1. Output the DSSP H helices from the chain with an along-axis C-alpha extent of no less than 15 Å and a mean Kyte-Doolittle hydropathy no less than 1.0.
2. Return the label of the correct value of Rg and Dmax of the Cα atoms in Å, as calculated from the structure shown, out of (1) 16.4, 52; (2) 19.0, 59; (3) 21.7, 84.
3. Rounded to the nearest 500 deg cm²/dmol, what is the calculated helix-only ellipticity per residue at 222 nm for the chain, with -39500 (n - 2.57) per DSSP H run of length n ≥ 4?
4. Restricting the calculation to Cα positions, tell me the Rg (one decimal) and the Dmax (whole number) of the range 46-158 in Å.
5. Taking the alpha-carbon distance from residue 88 and a cut-off under 18 Å, which aspartates and glutamates remain once sequence neighbours fewer than 8 residues away in the same chain are dropped?
6. I want the local charge near residue 37. Using Cβ-Cβ distances under 15 Å, sum +1 for each Lys or Arg and -1 for each Asp or Glu among the other residues.
Amino acid sequence: MNDASAAQDRGRRGRPNYDRESILDIAVEVFNERGYDGTGMEELARRLGLSKSSIYHHVSGKEELLGLAVGRALDALFALIDEPVAAKLTPTARLEHIVRGSVEVLAAELPYVTLLLRVHGNSTTEQRALKRRREFDHRVAELVVLAAREGGIRADIDPHLASRLIFGTVNSLIEWYRPDGELPVPVLADAVATLVFGGLRSADPEVGTHPR
């Protein structure tokens, strides 16, 4: 390789080479550190080592990045509800499947779920995300009603309250869980499900318990 080719090669190696997915990963990291409202395109460009025009080559701006990020987290959660295998389960078993799966989604998409849980509805994108979160909560609450009706869980707790308590427990994991720790995700999912359903199962010993 001659000197000119070597210099050109060093220039290519020294210049960050991002696609939209890798830009999104860094953007989510910055949004979580500084807050979405507190992050400008200048800061994103600095963290990426790119010009703003280079970022605009991939996305229209930071609101599109936010939409892609929260959409990724929401799509993963809705996929749990809509899984064909889950549709074949009893309501109680399906509810537990969703609780365990939501822990796995949080662990796999931790930065994205963290960002989703921090949106406040200050923009059109955030409002859409909150609307989808409410839809998810409503569908889980409907499942709680069916699970109580079949006797798998107690019926004396309001289903919407039960849904909020369930996912309040799951969502609290963003405050301390780290994927690079020593706690395996299946162990974490088992612990959450055990605690949640230990309180939700009927106190009446004559009522059927949740099928494993």
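1. Working: long enough: 3-14 (16 Å, -1.68); 20-34 (21 Å, -0.10); 62-82 (29 Å, 0.87); 91-108 (25 Å, 0.41); 124-149 (38 Å, -0.73); 159-171 (17 Å, 0.48); 185-200 (22 Å, 1.86).
Membrane-span-like by this rule: 185-200.
2. Here Rg and Dmax of the Cα atoms in Å agrees with entry (3).
3. Working: 11 runs with 146 residues, N = 212.
Counting only the DSSP helices, I get -22000 deg cm²/dmol.
4. My reading of the Cα-based Rg and Dmax gives 17.7, 59 Å.
5. Output for residue 88: 96, 142, 150.
6. Numbers: positive: 34, 62, 118; negative: 33, 42, 43, 63, 126.
In short, -2.
Here, each number is a calculation from the coordinates, and none is a lab measurement. Values in this document were obtained by computation on a predicted structure and should not be read as measured data. Note that each Cβ is placed from the backbone with ideal geometry, even for glycine, and that neighbours are counted across all protein chains shown.
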